[in-house]
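*Asks:* Before I ask anything, let me first share the structure, which is written out below as structure tokens.
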Ligand code: NI
């Protein structure tokens, strides 16, 4: 396994639209393993392939504290969504920034696992929010894109400053 570099907002590559996975190869399983390792190491509770500059419809999620429930979604589609929940979100691509985003409170997702086997999953609360956040990445959307223009400008300024300071080190 290997740790993958995570793209940081406002990197233009985060806007790319991910393509469906059509072949369930050992390379896909390695991508999933590397993404899980990268997510756990960060540490984070979700990671989309887009964030590691791989533009395929793959996300990994584990909302447990003890890393005991890795969920892999290949080609995820939301087939049902209802209700409304507003919660504070963060993102490994937007370090040290958190803000409230409105999401569906309950969703049903259809996806495949790393071997290509289809499954359905119903989710509420943090898991539902996390799935919607990660699926946004596959559409080229970062959670700050849901915020006001003013907030987006502030986050961009903060991130550009962060990257400038990192470059200086
Ligand atoms: Ni994110």
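The values are calculated or read from the model by the stated rules, or taken from the named source; none is laboratory data. Keep in mind that what you see is a predicted model, and the values were worked out from it rather than measured. Quick reminder, even Gly has a Cβ in these numbers, built from the backbone with ideal geometry, and neighbours come from all protein chains shown.
*Asks:* Can you say whether residue 40 is under 23 Å from residue 9 (Cβ atoms) and within 12 Å of the ligand (Cβ to nearest atom), as far as the supplied structure shows? If you could, list the steps in order and put the result at the bottom.
*Replies:* Details: under 23 Å from residue 9 (Cβ atoms): yes; within 12 Å of the ligand (Cβ to nearest atom): no.
Considered against the rule, which asks whether it is under 23 Å from residue 9 (Cβ atoms) and within 12 Å of the ligand (Cβ to nearest atom), residue 40 comes out as no.
*Asks:* Only one of (1) away from the ligand (no atom under 13 Å from the Cβ); (2) free of Cβ contacts under 8 Å to residues at least 12 places away in the same chain is not met by residue 127, so which one is it?
*Replies:* Here residue 127 clears every test but (2).
*Asks:* Any chance segment 143-157 includes a residue that's within 16 Å of the ligand (Cβ to nearest atom), under 16 Å from residue 81 (Cβ atoms) and within 13 Å of the chain's Cα centre (by Cα)?
*Replies:* No, that holds for no residue.
*Asks:* Find the residue count for segment 87-114, including only residues that are farther than 21 Å from residue 9 by Cβ, surrounded by fewer than 21 Cβ atoms within 10 Å (Cβ to Cβ) and out of contact with any helix residue (DSSP H, G or I) (no Cβ under 8 Å at 6 or more places or on another chain).
*Replies:* Count: 4.
*Asks:* Quick one: which of 134, 89 is within 14 Å of the ligand (Cβ to nearest atom), closer than 20 Å to residue 17 by Cα and in contact with a strand residue (DSSP E or B) (Cβ under 6 Å, 6 or more places away or on another chain)?
*Replies:* 134
*Asks:* Kindly list, by first and then second residue, each pair from a residue in segment 105-120 that is in a loop (DSSP other than H, G, I, E, B) to a residue that is at pLDDT 95 or above and exposed (fewer than 15 other Cβ atoms within 10 Å of the Cβ), limited to pairs with Cβ atoms under 8 Å and residues at least 6 apart or on different chains.
*Replies:* Here the result reads 105/82; 105/83; 105/84; 105/124; 105/125; 113/119; 114/29; 115/29, each pair linking segment 105-120 to a residue that is at pLDDT 95 or above and exposed (fewer than 15 other Cβ atoms within 10 Å of the Cβ).
*Asks:* What number goes with the only condition from (1) in a loop (DSSP other than H, G, I, E, B); (2) out of contact with any strand residue (DSSP E or B) (no Cβ under 9 Å at 6 or more places or on another chain) that residue 145 does not pass?
*Replies:* (1)
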